[in-house]
């Protein structure tokens, strides 16, 4: 079965309604985890890539995808996971980057190859999502979730999460 163009576009639109459980202002499309929509016989196959190996949200994403499609009378659905290529923060949309900042989370530094967040020195020039200053420092590599680090703005003195660059 070939997915009809109308159905294909409809499915992509539906995915805009499935939020990330950790950051509800982002959809699964905003994160860039949906890689493909194909079909096999009479089954729609959705291929997703986890943001990192062992991400606890992936089972929920799978359940939400199936439920959303069934709500819209698309009954034969299978979700497959792929790790190749591995997910990267480069797949996060511009809309999502703005959504993160508006939500109070500094988006990953675009194009950063600086893996300093894995070490003591932290990432350079992380902009505070509250006052927009880049006079910030890493407090802890361990934020509210595994994909975030805790920073503090030296100007407004507020702590904030930084979505780590992967």
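When each pair of different Cα atoms in the chain is counted once in the 1/r mean, what is the Kirkwood radius in angstroms, to one decimal?
In the chain this quantity evaluates to 17.0 Å.
Roughly what angle does helix 57-71 make with the longest principal axis of the chain, taking Cα atoms, 0 to 90 degrees, to the nearest 10?
In the chain, helix 57-71 runs at an angle near 40 degrees to the longest axis.
Could you tell me the extents of the range 5-87's C-alpha atoms along the three principal axes, largest first, rounded to whole Å?
30, 26, 19
Testing the spin-label approximation: label points 7 Å from Cα along Cα→Cβ at residue 59 and residue 45. State their distance in nm.
Between residue 59 and residue 45, the label points sit 2.4 nm apart.
In nanometres, what is the gap between the two model label sites at residue 37 and residue 93, each 7 Å from Cα along Cα-to-Cβ?
The answer from the label model is 1.3 nm.
Just for the chain, what percent of DSSP beta bridges are antiparallel, to the closest 5?
The answer is about 70 percent antiparallel.
Quick check: pseudo-label points 7 Å beyond the Cα along Cα→Cβ at residue 84 and residue 144, how many nm apart are they?
Taking the two extended label points, one gets 3.6 nm.
With both bridge residues required to lie in the range 5-87, what share of the DSSP beta bridges run antiparallel, to the nearest 5%?
60 percent
Go ahead and estimate [θ] at 222 nm for the chain from helices alone: -39,500 (n - 2.57) per DSSP H run with n ≥ 4, summed, over the residue count, rounded to 500.
After summing the helix terms and dividing by residue count, I get -7000 deg cm²/dmol.
Suppose a student asked you for the relative contact order of the chain, using Cα pairs under 8 Å spaced at least 6 residues apart; what percent would you report?
Computed over the chain, the figure is 17 percent.
Sorting check: for 73-79, 100-106, which peptide has the highest mean count of neighbouring beta carbons within 10 Å, and how do the rest follow?
Sorting 73-79, 100-106 by mean packing, highest first, produces 100-106, 73-79.
Just to confirm the number: angle between the C-alpha axis of helix 5-15 and the first principal axis of the chain, 0 to 90 degrees, nearest 10?
Approximately 40 degrees, to the nearest ten.
Quick one: angle between helix 94-103 and the longest Cα principal axis of the chain, in degrees between 0 and 90, rounded to 10, please.
So the helix axis and the longest Cα principal axis differ by about 50 degrees.
How many angstrom lie between the Cα centre of the range 42-64 and the Cα centre of the range 125-155?
29 Å
Nearest 0.05, what FRET efficiency do residue 52 and residue 9 give at R0 = 30 Å with Cβ-Cβ as r?
About 0.55, to the nearest 0.05.
Coordinate-derived values only; no laboratory data. Because the structure is predicted, anything quoted here is derived from the model rather than measured. Cβ coordinates were reconstructed from backbone atoms using ideal geometry, including for glycine residues, and neighbour counts include every protein chain displayed.
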